[in-house]
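What follows is a set of notes on a single structure, which appears directly below.
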Amino acid sequence: MKTLLTVVAIILVCAGVATPFLWEALKGSHTPLDDLTITVVYDNYAAAEGLETDWGFSCLVEGAEKTILFDTGADGTILLRNMNRLGIDVSRIDVVVISHSHGDHIGGLLDHVLEQNGRITLYLPGSFTETFTNIAEEKGATIVESTEPTRICESVYITGVLQGVVEEQALAISTAKGMIVITGCAHPGIVHMVKAAKDVTSEDILFVMGGFHLAERHSEYIEGIIDQLKELGVRYTGPCHCSGDATRELFEREFGDAYISVGVGKVITLDDFQWMLLA
């Protein structure tokens, strides 16, 4: 019965009609990844020499059943140059997940990534215009409007659209060491997005990275966010993009060795994280 319910739930989730009850059937029904590589290919912070920085964000996730590009930065020319210098072939990408509709996250998609690889499955929040989706489809992409939590492939999920000043979704990856959450800008709030990601599989949060949208917040507010993330059990953090210099400094101070400096060229693997010691 459980197996049948899981199969039905997977079908309905992929069709975008899953209910909260059916989504519960998916929790715990996957095998966490024991090998994963995240390469930051676009960011306004630098983590390696020889790459171009620019306002925006994009990272490549490898090690799952599908190779996933999360967001595409602001300038497709810069994106492709960085990917080329990092030895990344666009034809390897199976899936593109777009966090939200701002230009610094979709700029490299239509005229660059899809021009070189039109067989991509593209996961978009439902807020994108029909014109945008039509162009993507004309270039060969298969569009999935992901309003609800959705399984992309074994152990990799998107949260579905979260409401805020800007609608946005995050990527949640189940690994043997815990869940990794990647955000584009966290417009709905980084704490809210982490909670939503945790709800996907009810796993402990290993690492949260990406834009935290805290650049214009005062230190007391940022410290409050840090406290809330720690209360949620977040073990490692890597704020970049729109997080702000002060945020990065405060997170580094508060997380210490569990702070990861994220920027273009940064390569993150599961070896960068310690196993959680059980009491």
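Read-outs throughout are calculated quantities, based only on the coordinates presented, and are distinct from any laboratory measurement. Model, not experiment: these values are computed from the prediction. Because the Cβ atoms are built from the backbone with ideal geometry, glycine has one as well, and the counts that use them run over all protein chains shown.
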From the phi angles alone, apply the Karplus equation (6.51, -1.76, 1.60; θ = phi - 60°) to the stretch 159-173 and give each ³J(HN,Hα) in whole Hz, x where the residue is Gly or Pro.
6, x, 5, 10, 7, x, 4, 10, 5, 7, 10, 10, 9, 10, 10
Applied in sequence order to the stretch 176-187, the curve 6.51 cos²θ - 1.76 cosθ + 1.60 (Karplus, θ = phi - 60°) yields integer Hz couplings, x standing for Gly and Pro, of 5, 9, x, 7, 9, 10, 10, 10, x, 9, 6, 4
Taking amide H atoms as placed 1.01 Å from N in the peptide plane, list the residues 5 or more away in sequence, or in a different chain, whose amide H sits under 5 Å from that of Gly178.
none
How much of the DSSP beta bridge set in the stretch 136-279 is antiparallel, as a percent to the nearest 5?
50 percent
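Normalised by the number of residues in the stretch 33-268, what is the relative contact order in percent for Cα pairs under 8 Å and 6+ residues apart?
Value for the stretch 33-268: 20 percent.
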Would you calculate, for the chain, the mean residue ellipticity at 222 nm contributed by helices, counting each DSSP H stretch of 4 or more residues as -39,500 (n - 2.57) and dividing by all residues, to the nearest 500?
-8500 deg cm²/dmol
Whole-Hz ³J(HN,Hα) from phi, Karplus 6.51 cos²θ - 1.76 cosθ + 1.60, for the stretch 205-211, glycine and proline x:
8, 7, 8, 10, 9, x, x
Need the list of aspartates and glutamates near Lys66 for cross-linking: C-alpha distance under 19 angstrom, and skip anything on the same chain fewer than eight residues off.
Asp34, Asp35, Asp89, Asp94, Glu145, Glu154
Asp245 versus Ser127: modelled label distance in nm, points set 7 Å from Cα along the beta carbon direction:
2.9 nm
Cα-projected label distance for Ala215 with Val267, points at 7 Å along beta-carbon direction, nm:
2.9 nm
